[in-house]
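Asks: Right, I'll just put the structure down here and ask away after.
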Amino acid sequence: MLKTLKNRWPLVALAGISTLSVGIAVVLLKTTDAFNPNPAVVSPQSADELAPSAVLALASQPPATRSAALSAIAEQERGIEGDRARYLLATDLINQGKGGSALSLLEKLEGQYDSMAPYILLTKAQAQAAAGQAAAALNTWNRLIAEYPGSAAAAEALYQLGAQSIPTDSDATT
């Protein structure tokens, strides 16, 4: 009996290692939701964000061309389409040097469009800076950094805050 077990020892070891490997693979697949029976099911907000969007279709057009259509969507639509239109309109206005006009579009938008909140705050701070509201812009950048520290938008806010505090050559001579 002992001799037959010694002859089969490599097979027993191989079976044990194989079982362990299968167990590890199952755990890895389970943690990555590979066993999800219906991966096409998404949350209602995610389904809304993935639906075809008129605003996203307009995003590739030049700002002058899309302005009227975005304004109409922003005024008529509530929900994600209206939020997207307001954000894109505000970005266009900032790029045209009309930051003050963009502020009304961005008002409370970060609370309504959660997935874009850090970027909305960043755009809001840029609009405030363009409108000459330096203190409000600094507060918004600091809020962005505090609420979304891991966001790429927070990195831009840190850059903007650093640029605000760096003395220029003209400051040194006065």
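Asks: Go through the range 115-127 and give me each residue that's open to solvent by 60 Å² or more (accessible area, probe 1.4 Å) and either over 15 Å from Ile80 (Cα atoms) or free of Cβ contacts under 8 Å to residues at least 60 places away in the same chain (or both).
Replies: Hits for the range 115-127 are Tyr119, Gln126.
Asks: Failed condition for Leu144, given (1) touching an Asp or Glu at 6+ places or on another chain (Cβ under 8 Å); (2) over 21 Å from Val55 (Cα atoms), with all others met?
Replies: (1)
Asks: Sort out which residues of the range 113-146 are part of a helix (DSSP H, G or I) and either of a type in the set (S, T, N, Q) or in contact with a Cys (Cβ under 7 Å, 6 or more places away or on another chain) (or both), and write them in order of number.
Replies: If the condition is that a residue be part of a helix (DSSP H, G or I) and either of a type in the set (S, T, N, Q) or in contact with a Cys (Cβ under 7 Å, 6 or more places away or on another chain) (or both), then Ser115, Thr123, Gln126, Gln128, Asn139, Thr140, Asn142 are the ones that fit.
Asks: Does the range 83-102 include one or more residues that are under 20 Å from the mean Cα position of the chain (by Cα) and surrounded by fewer than 16 Cβ atoms within 10 Å (Cβ to Cβ)?
Replies: no
Asks: Which numbered condition trips up Pro39, out of (1) part of a loop (DSSP other than H, G, I, E, B); (2) modelled with pLDDT of 85 or more; (3) not β-branched (Val, Ile, Thr)?
Replies: In the conditions (1) part of a loop (DSSP other than H, G, I, E, B); (2) modelled with pLDDT of 85 or more; (3) not β-branched (Val, Ile, Thr), Pro39 misses (2) alone.
Asks: So, in the range 60-72, exactly how many residues are surrounded by fewer than 20 Cβ atoms within 10 Å (Cβ to Cβ) and part of a helix (DSSP H, G or I)?
Replies: Adding up the residues that qualify gives 8.
Asks: Right, here's the next one. Return the only residue of Glu75, Glu110 being of a type in the set (Asp, Glu), open to solvent by 70 Å² or more (accessible area, probe 1.4 Å) and part of a helix (DSSP H, G or I).
Replies: Of the residues listed, the single one that is of a type in the set (Asp, Glu), open to solvent by 70 Å² or more (accessible area, probe 1.4 Å) and part of a helix (DSSP H, G or I) is Glu75.
The values are calculated or read from the model by the stated rules, or taken from the named source; none is laboratory data. These figures come from a predicted structure and were not determined experimentally. Positions of Cβ are backbone-derived with ideal geometry, glycine not excepted, and every protein chain shown enters the neighbour counts. The protein model used for the area step is the full one, side chains on, heavy atoms only, and it has no ligands, DNA or RNA in it. Shrake-Rupley method; radii C 1.70, N 1.55, O 1.52, S 1.80 Å.
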